[in-house]
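The values are calculated or read from the model by the stated rules, or taken from the named source; none is laboratory data. Source: prediction; values computed, not measured. Please note: Cβ atoms are built from the backbone with ideal geometry, for glycine as well, and neighbour counts cover all protein chains shown. These accessible areas exclude ligands, DNA and RNA; they are computed on the full protein's heavy atoms, side chains included. Shrake-Rupley method; radii C 1.70, N 1.55, O 1.52, S 1.80 Å.
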Amino acid sequence: MTNHTISTDPASPGTTDASERTSGPSSTPGAIRHRHAAGPAIAILRGGTGAHVEDVIATLVDAGVRAIEITTNTPRWREGIAWATERYGTAATVGVGTVLEPRQLDEAAAAGATFAVSPHLDPEIGERAHERSLGWYPGAATPTEIVHAWRLGARAVKVFPAAQLGGPGFLRQVLAPLDFVDVIPTGGIGIDDATDYLAAGAIAVGLGSPLVGDALTSGDLDALRSRAARLVTALS
(Lines give C-alpha, C1' and ligand atoms only; values in the text may rest on other atoms or scores of the structure.)
Protein backbone atom coordinates (compact mmCIF):
# COMPACT_ATOMS: atom_id res chain seq x y z
CA MET A 1 0.00 0.00 0.00
CA THR A 2 1.23 3.51 -0.81
CA ASN A 3 2.60 5.43 2.14
CA HIS A 4 0.66 8.65 2.60
CA THR A 5 2.50 11.29 4.62
CA ILE A 6 1.96 14.84 5.74
CA SER A 7 3.98 17.99 5.96
CA THR A 8 3.74 20.61 8.68
CA ASP A 9 5.85 23.19 6.86
CA PRO A 10 3.79 26.37 7.30
CA ALA A 11 5.38 28.05 4.31
CA SER A 12 4.28 25.52 1.71
CA PRO A 13 1.62 26.01 0.59
CA GLY A 14 0.22 27.82 3.64
CA THR A 15 1.58 31.24 2.67
CA THR A 16 0.68 31.05 -1.01
CA ASP A 17 -1.46 33.90 -2.35
CA ALA A 18 -5.14 32.95 -2.36
CA SER A 19 -5.44 33.52 -6.10
CA GLU A 20 -2.79 30.87 -6.70
CA ARG A 21 -4.34 28.26 -4.43
CA THR A 22 -6.75 26.73 -6.92
CA SER A 23 -4.59 23.94 -8.21
CA GLY A 24 -2.24 21.42 -6.74
CA PRO A 25 -1.45 17.74 -6.29
CA SER A 26 -4.08 15.34 -7.52
CA SER A 27 -6.10 13.45 -4.92
CA THR A 28 -6.08 10.33 -7.07
CA PRO A 29 -6.27 7.30 -4.73
CA GLY A 30 -2.78 6.07 -3.98
CA ALA A 31 -1.08 9.37 -4.80
CA ILE A 32 1.53 10.65 -2.38
CA ARG A 33 0.26 14.08 -1.36
CA HIS A 34 3.08 15.20 0.96
CA ARG A 35 6.15 13.77 2.60
CA HIS A 36 6.81 14.08 6.30
CA ALA A 37 8.40 11.82 8.89
CA ALA A 38 5.24 12.03 10.99
CA GLY A 39 3.34 9.64 8.74
CA PRO A 40 -0.32 9.38 7.76
CA ALA A 41 -2.01 9.33 11.18
CA ILE A 42 -2.39 12.05 13.80
CA ALA A 43 -3.15 10.81 17.32
CA ILE A 44 -5.47 13.22 19.13
CA LEU A 45 -5.03 13.41 22.89
CA ARG A 46 -8.04 14.90 24.62
CA GLY A 47 -9.16 15.04 28.23
CA GLY A 48 -8.06 12.72 30.99
CA THR A 49 -6.47 13.67 34.27
CA GLY A 50 -3.18 15.02 32.98
CA ALA A 51 -1.24 12.40 34.90
CA HIS A 52 -0.62 10.10 31.93
CA VAL A 53 0.06 12.55 29.10
CA GLU A 54 3.77 11.83 28.80
CA ASP A 55 3.33 8.05 29.05
CA VAL A 56 0.63 8.09 26.37
CA ILE A 57 2.80 10.15 24.03
CA ALA A 58 5.78 7.85 24.57
CA THR A 59 3.69 4.74 23.92
CA LEU A 60 2.29 6.14 20.68
CA VAL A 61 5.61 7.38 19.33
CA ASP A 62 7.42 4.18 20.28
CA ALA A 63 4.71 2.22 18.42
CA GLY A 64 5.26 4.29 15.29
CA VAL A 65 2.55 6.96 15.54
CA ARG A 66 4.71 10.03 15.18
CA ALA A 67 2.20 12.87 14.82
CA ILE A 68 0.66 13.93 18.12
CA GLU A 69 -2.05 16.53 18.66
CA ILE A 70 -2.71 17.58 22.25
CA THR A 71 -5.92 19.55 22.66
CA THR A 72 -6.28 22.64 24.82
CA ASN A 73 -8.96 20.93 26.93
CA THR A 74 -6.45 18.32 28.04
CA PRO A 75 -4.97 18.98 31.48
CA ARG A 76 -1.27 19.89 31.24
CA TRP A 77 -1.40 20.26 27.46
CA ARG A 78 1.40 22.83 27.47
CA GLU A 79 3.63 20.58 29.52
CA GLY A 80 2.86 17.65 27.24
CA ILE A 81 3.87 19.57 24.12
CA ALA A 82 7.06 20.82 25.75
CA TRP A 83 7.99 17.35 27.02
CA ALA A 84 7.40 15.66 23.67
CA THR A 85 9.31 18.34 21.78
CA GLU A 86 12.30 18.09 24.09
CA ARG A 87 12.33 14.29 24.12
CA TYR A 88 11.73 13.54 20.45
CA GLY A 89 12.86 16.62 18.57
CA THR A 90 12.27 16.08 14.86
CA ALA A 91 11.56 12.36 15.37
CA ALA A 92 7.94 13.28 16.13
CA THR A 93 5.63 16.10 15.12
CA VAL A 94 3.71 17.68 17.99
CA GLY A 95 0.86 20.14 17.66
CA VAL A 96 -1.96 21.74 19.58
CA GLY A 97 -5.64 20.99 19.00
CA THR A 98 -8.99 22.61 19.83
CA VAL A 99 -7.52 26.05 19.34
CA LEU A 100 -10.35 28.51 19.97
CA GLU A 101 -8.41 31.71 20.69
CA PRO A 102 -5.33 33.19 18.98
CA ARG A 103 -3.57 33.58 22.33
CA GLN A 104 -3.49 29.79 22.70
CA LEU A 105 -1.14 29.69 19.71
CA ASP A 106 1.36 31.89 21.55
CA GLU A 107 1.48 29.38 24.39
CA ALA A 108 1.64 26.40 22.03
CA ALA A 109 4.46 27.89 19.96
CA ALA A 110 6.40 28.70 23.12
CA ALA A 111 6.05 25.05 24.19
CA GLY A 112 7.39 23.83 20.85
CA ALA A 113 4.28 22.97 18.82
CA THR A 114 4.67 22.93 15.05
CA PHE A 115 1.01 22.81 13.96
CA ALA A 116 -2.36 24.00 15.22
CA VAL A 117 -5.81 22.47 14.72
CA SER A 118 -9.24 24.00 15.29
CA PRO A 119 -12.72 22.50 15.01
CA HIS A 120 -13.81 25.65 13.14
CA LEU A 121 -12.57 28.29 10.72
CA ASP A 122 -11.33 31.55 12.24
CA PRO A 123 -9.17 33.84 10.07
CA GLU A 124 -7.65 35.48 13.15
CA ILE A 125 -6.37 32.11 14.32
CA GLY A 126 -4.95 31.51 10.86
CA GLU A 127 -3.12 34.84 10.88
CA ARG A 128 -1.65 34.16 14.31
CA ALA A 129 -0.61 30.65 13.27
CA HIS A 130 1.36 32.05 10.35
CA GLU A 131 2.91 34.71 12.59
CA ARG A 132 4.07 31.94 14.91
CA SER A 133 5.23 29.71 12.00
CA LEU A 134 2.69 27.03 12.84
CA GLY A 135 1.01 24.84 10.24
CA TRP A 136 -2.69 25.73 10.39
CA TYR A 137 -5.39 23.03 10.11
CA PRO A 138 -8.81 24.68 10.51
CA GLY A 139 -12.03 22.71 10.63
CA ALA A 140 -14.56 22.71 7.79
CA ALA A 141 -17.60 20.64 6.87
CA THR A 142 -18.80 21.83 3.47
CA PRO A 143 -17.16 22.47 0.08
CA THR A 144 -17.63 26.22 0.61
CA GLU A 145 -15.91 26.11 4.00
CA ILE A 146 -13.13 23.87 2.70
CA VAL A 147 -12.26 26.19 -0.18
CA HIS A 148 -12.53 29.26 2.06
CA ALA A 149 -10.10 27.72 4.57
CA TRP A 150 -7.68 26.78 1.81
CA ARG A 151 -7.72 30.27 0.29
CA LEU A 152 -7.09 31.77 3.72
CA GLY A 153 -3.83 29.86 3.86
CA ALA A 154 -4.61 26.60 5.65
CA ARG A 155 -1.73 24.13 5.44
CA ALA A 156 -4.42 21.43 5.28
CA VAL A 157 -8.13 21.48 6.06
CA LYS A 158 -9.55 19.38 8.86
CA VAL A 159 -12.76 17.87 7.50
CA PHE A 160 -14.87 17.48 10.62
CA PRO A 161 -16.80 15.49 11.74
CA ALA A 162 -15.74 13.18 8.94
CA ALA A 163 -17.72 10.03 9.74
CA GLN A 164 -20.94 11.91 10.40
CA LEU A 165 -20.53 13.88 7.15
CA GLY A 166 -20.52 10.66 5.14
CA GLY A 167 -17.12 9.08 5.61
CA PRO A 168 -14.77 8.20 2.74
CA GLY A 169 -17.60 8.42 0.22
CA PHE A 170 -18.29 12.04 1.15
CA LEU A 171 -14.59 12.86 1.00
CA ARG A 172 -14.19 11.28 -2.42
CA GLN A 173 -17.12 13.25 -3.80
CA VAL A 174 -15.85 16.55 -2.36
CA LEU A 175 -12.31 16.05 -3.62
CA ALA A 176 -13.41 15.24 -7.15
CA PRO A 177 -13.75 18.97 -7.95
CA LEU A 178 -11.51 20.15 -5.09
CA ASP A 179 -8.48 17.95 -5.78
CA PHE A 180 -6.14 20.89 -5.14
CA VAL A 181 -7.05 20.97 -1.43
CA ASP A 182 -5.13 18.91 1.14
CA VAL A 183 -7.51 17.49 3.74
CA ILE A 184 -7.19 15.67 7.04
CA PRO A 185 -10.52 14.07 7.97
CA THR A 186 -11.17 13.79 11.68
CA GLY A 187 -14.05 12.66 13.83
CA GLY A 188 -15.43 9.15 14.19
CA ILE A 189 -12.60 7.51 12.25
CA GLY A 190 -11.67 4.05 13.48
CA ILE A 191 -8.48 2.08 13.11
CA ASP A 192 -10.05 -0.28 10.61
CA ASP A 193 -11.33 2.41 8.23
CA ALA A 194 -8.39 4.84 8.33
CA THR A 195 -7.01 3.46 5.09
CA ASP A 196 -10.34 4.08 3.33
CA TYR A 197 -9.98 7.82 3.98
CA LEU A 198 -6.45 7.84 2.60
CA ALA A 199 -7.65 5.99 -0.48
CA ALA A 200 -10.34 8.65 -0.88
CA GLY A 201 -7.68 11.34 -1.11
CA ALA A 202 -6.84 12.43 2.45
CA ILE A 203 -3.20 13.28 3.18
CA ALA A 204 -3.62 12.00 6.74
CA VAL A 205 -6.32 11.07 9.24
CA GLY A 206 -6.92 12.22 12.79
CA LEU A 207 -7.86 9.58 15.36
CA GLY A 208 -8.95 10.32 18.89
CA SER A 209 -10.76 7.92 21.20
CA PRO A 210 -10.75 4.94 18.77
CA LEU A 211 -6.96 5.02 19.09
CA VAL A 212 -6.24 6.57 22.47
CA GLY A 213 -9.15 4.93 24.29
CA ASP A 214 -9.16 5.63 28.02
CA ALA A 215 -5.37 5.68 28.34
CA LEU A 216 -5.32 9.34 29.41
CA THR A 217 -7.65 8.50 32.29
CA SER A 218 -6.80 4.93 33.27
CA GLY A 219 -3.18 4.80 32.20
CA ASP A 220 -3.82 1.52 30.35
CA LEU A 221 -0.77 1.58 28.09
CA ASP A 222 -0.86 -2.07 27.05
CA ALA A 223 -4.20 -1.68 25.30
CA LEU A 224 -3.02 1.59 23.76
CA ARG A 225 0.14 -0.06 22.49
CA SER A 226 -1.92 -2.80 20.87
CA ARG A 227 -4.25 -0.34 19.12
CA ALA A 228 -1.33 1.76 17.92
CA ALA A 229 0.42 -1.30 16.53
CA ARG A 230 -2.75 -2.28 14.64
CA LEU A 231 -2.98 1.19 13.14
CA VAL A 232 0.65 1.31 12.08
CA THR A 233 0.34 -2.13 10.51
CA ALA A 234 -2.84 -1.15 8.65
CA LEU A 235 -1.21 1.99 7.25
CA SER A 236 2.12 0.43 6.33
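The mean sequence distance of close C-alpha pairs (under 8 Å, at least 6 residues apart), as a share of the length of region 118-188, puts its relative contact order at 30 percent.
Summary of the geometry: region 69-87 and region 189-215, compared by the centres of their Cα atoms, lie 21 Å apart.
With a ≥ b ≥ c the root eigenvalues of the C-alpha gyration tensor of region 50-115, is it rounded (a/c under 1.5), prolate (a/b larger than b/c) or oblate? Display every interim value, and only then the final one.
On the way: a/c = 1.92, a/b = 1.49, b/c = 1.29.
Verdict is prolate for region 50-115.
Can you give the local net charge around Ile191? Use residues other than it whose beta-carbon is closer than 11 angstrom to its beta-carbon, Lys and Arg +1, Asp and Glu -1. Present the calculation step by step, with values, prior to reporting the outcome.
Numbers: positive: Arg227, Arg230; negative: Asp192, Asp193.
Local net charge: 0.
Give, as a single signed number, the net charge of other residues whose beta carbon lies under 14 Å from the beta carbon of Leu221, with Lys and Arg counted +1 and Asp and Glu -1. Mind dumping the intermediate values first?
Details: positive: Arg225, Arg227; negative: Glu54, Asp55, Asp62, Asp214, Asp220, Asp222.
Within the 14 Å Cβ shell, the charges total -4.
Only protein heavy atoms count here; under a 1.4 Å probe, Glu145 has an accessible surface of about 80 Å².
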